[in-house]
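Each reported figure results from applying straightforward, stated rules to the coordinates on display, with no laboratory input. This one's a predicted model, so the numbers in the text were calculated from it and none came from an experiment. We place every Cβ from the backbone using ideal geometry, glycine too, and count neighbours over all the protein chains shown.
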Amino acid sequence: MTNTMDRRKLLKTGMLMAGGLSLASGIINKLAARPVNTCYNYPRITDASVVLEGPKELKARLFANENPFGPSPKAKQAIQDAMAQSYQYPFIFARELMQTIADAEGLLPDNLMLSAGSSEILLAAAILFTQKPGSNIISGDPSYEDLPSTAQEMNATWKKIPLTAEYKLDLDAMEKAIDGNTSLVYICNPNNPTATVLDVEKLKSFVDRVSSRVTLFIDEAYIDYLDDPKANTMIGAIKTGKNIIVARTFSKLHGFAGLRVGYAFAQIDMIKKLSMYTTGFAGISATSLHAAMASYQDTEFLKGALQKTRASKNYLYEVLKKEGYEYVPSFTNFVIFPLKMDSRQFVTEMEKRGVGVRFWQFNKKEWCRVSIGRMDEMEAFAAAFKEIS
């Protein structure tokens, strides 16, 4: 716990331990040069860039995989209650939240790090695993690009492995791509943008075999949307000593995209290494920490949000089928489907009608990804879609 208590010492010491001030300066310069507004510069389009470039007012905001049903009333009340003591650093309460999450997973708080969403953890991993010259990072293609794209900007090689015919991550091909310079294998499960999930036994076998050769980063941002998250998580592999990092976030089902709370589990030594490149819980406000505790324990609200998400998703399925469109069955809070027109043009036309969605281009097809919204937002999507489909 002591390595996360003083963020100034943590960051300064971390940079020095990583190789001196010259390395720290190089990392800072590279981060400063990262593109932010890249909305129409595929493939470096991000949810953030779409929001920044798009209109402020929309009938349906369906491009960022946000959960419009949260935060829960208990989380909102916790924010109000925390205001009175928000002038204090929330060291003790952060430790209590870490203990609560660790207890729920059967691990120690030292196996856990908190962060402002999972983005900071992804960044820390990109920094940590690109320090060796000539290193490479493996991920699926397409998959969530934050970590591997940052690693590439830091001069690592990004090995992109095409998905299977079912649009799932190809674990066999990813394993074959590992070589002596591979520093990390990144697995987003369920995957973004395809919303597919890996067979749990196949993934466990992959973890058992591969983690002895290279560190695995399992991004479980969307795992709460599965029927049985406990059965599908890879957190259990940490208990048996496997060399993996498992990242989770409150941004999705908990509805905390704007409150910014996330966490990662790993072996204690790995947590210490990652912590050198994050502010940890020191980057999270006291109000968000209290809201996270309330939300983590509010299982009934989470069940309700999940039910409403599924109802909206089933409605979307019916809209697509009625218009003669196929789609990839989704295990998340978004759906991707192939278009019959240029994807950029489609997004532009939908935007004119007050509906924001994302586009992709892969497998020689044009694709649209629709985040699941409230039913009124899905109805707005349906009305706009029928005009241009």
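Rounded to the nearest 20 debye, the dipole size of the range 241-386 about its Cα centre is 320 debye, using +1 on the Cβ of Lys and Arg and -1 on the Cβ of Asp and Glu. Only the Cβ atoms of Lys and Arg (+1) and of Asp and Glu (-1) were treated as charged; on that basis the dipole of the range 73-297 about its Cα centre amounts to roughly 360 debye.
Ordering Gln267, Thr130, Ile388 by the projection of their Cα atoms onto the charge dipole of the chain, which places +1 on the Cβ of Lys and Arg and -1 on the Cβ of Asp and Glu, puts Thr130 at the extreme positive end. Helix 21-32 and the long axis of the chain differ in direction by around 10°, with both axes built from C-alpha atoms. Applying a DSSP loop filter and a limit of 12 other Cβ atoms within 10 Å to the trypsin sites (Lys or Arg not before Pro) in the range 318-356 leaves Lys340. Sparse packing (at most 15 other Cβ atoms within 10 Å of the Cβ) combined with a DSSP loop state is found for the following trypsin sites (Lys or Arg not before Pro) in the range 150-223: Arg213. Footprinting exposure proxy ranking of Ile121, Ile127, fewest other C-beta atoms within 10 angstrom first, gives Ile127, Ile121.
Could you tell me which label, among (i) 1.09; (ii) 1.30; (iii) 0.97, carries the value of Cα Rg over 2.2 N^0.38 Å calculated for this structure? Given (i) 1.09; (ii) 1.30; (iii) 0.97, the structure-derived one carries the label (iii). Each label was represented as a point 7 Å from its Cα along the Cα-to-Cβ direction; for Thr299 and Ala383 these points are 4.0 nm apart. Toward the positive end of the charge dipole of the chain, with +1 on the Cβ of Lys and Arg and -1 on the Cβ of Asp and Glu, the farthest Cα among Leu163, Ala64, Ile178 is that of Ile178. Contact order, relative form, for the range 242-389: 17 percent (alpha carbon pairs under 8 Å, 6 or more residues apart, mean separation divided by residue count). Charged side chains reduced to their Cβ positions (Lys and Arg at +1, Asp and Glu at -1) give the chain a dipole of some 600 debye around its Cα centre. As a proxy for reagent exposure, ranking Lys76, Lys313 by other Cβ atoms within 10 Å from fewest up yields Lys76, Lys313. Working from Cα pairs under 8 Å separated by at least six residues, relative contact order for the range 73-297 is 29 percent. Shown here for the range 52-114: chymotrypsin sites (Phe, Trp or Tyr not before Pro) in loop regions (DSSP other than H, G, I, E, B) with at most 12 other Cβ atoms within 10 Å, namely Tyr87. Ranking Met113, Tyr89, Leu147 by Cα position along the charge dipole of the range 73-297, where only Lys, Arg, Asp and Glu carry charges on their C-beta atoms, puts Tyr89 farthest toward the positive end.
In this structure, the residue pairs whose Cα-Cα separation is over 28 Å, taken from Lys204/Lys272; Lys76/Lys252; Lys303/Lys352; Lys313/Lys386, are Lys303/Lys352.
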